[in-house]
Amino acid sequence: MARESSFNPTAKNSKSSAAGLFQFLNSTRKNYGGSSVNWEDPYQQSLKGLQYIKDRYGNPVKALEHWDKKKWY
């Protein structure tokens, strides 16, 4: 999270649709609740971000290990 958004819930990537704490792309947001989620709320962003980490990596430690090895999430 700090690597991309610097813990800023309003962070936006000028080169893609990535936004928020977890820098979800539009397609990822759609898969994690779409318009039914208040994506401006840092708490909601965190809940969905942690669910994404669980779904993709299993846990935050494995997500960090992936970053350390590949330098991307």
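The numbers here are math on the coordinates, done by the rules we state, and not lab data. Given the structure is predicted, the values throughout are model-derived calculations rather than measurements. All Cβ positions, glycine included, derive from the backbone under ideal geometry; neighbour counts span all protein chains shown.
In the range 50-73, of all residues being in a helix (DSSP H, G or I) and charged (D, E, K, R), the one that is farthest from the chain's Cα centre (by Cα) corresponds to Lys69. Across the range 50-72, the number of residues qualifying as in contact (Cβ under 8 Å) with a residue 24 or more places away in the chain and crowded, with 16+ Cβ neighbours inside 10 Å comes to 1. Residue count for the range 17-44 satisfying the condition of being of a type outside the set (Phe, Trp, Tyr), under 20 Å from Trp67 (Cα atoms) and out of contact with any Asp or Glu (no Cβ under 8 Å at 6 or more places or on another chain): 5.
Of all residues in the range 1-49, those being exposed (fewer than 13 other Cβ atoms within 10 Å of the Cβ), small (Gly, Ala, Ser) and in a loop (DSSP other than H, G, I, E, B) number 4. The single condition among (1) over 13 Å from the mean Cα position of the chain (by Cα); (2) over 18 Å from Tyr73 (Cβ atoms) that Lys15 does not meet is (2).
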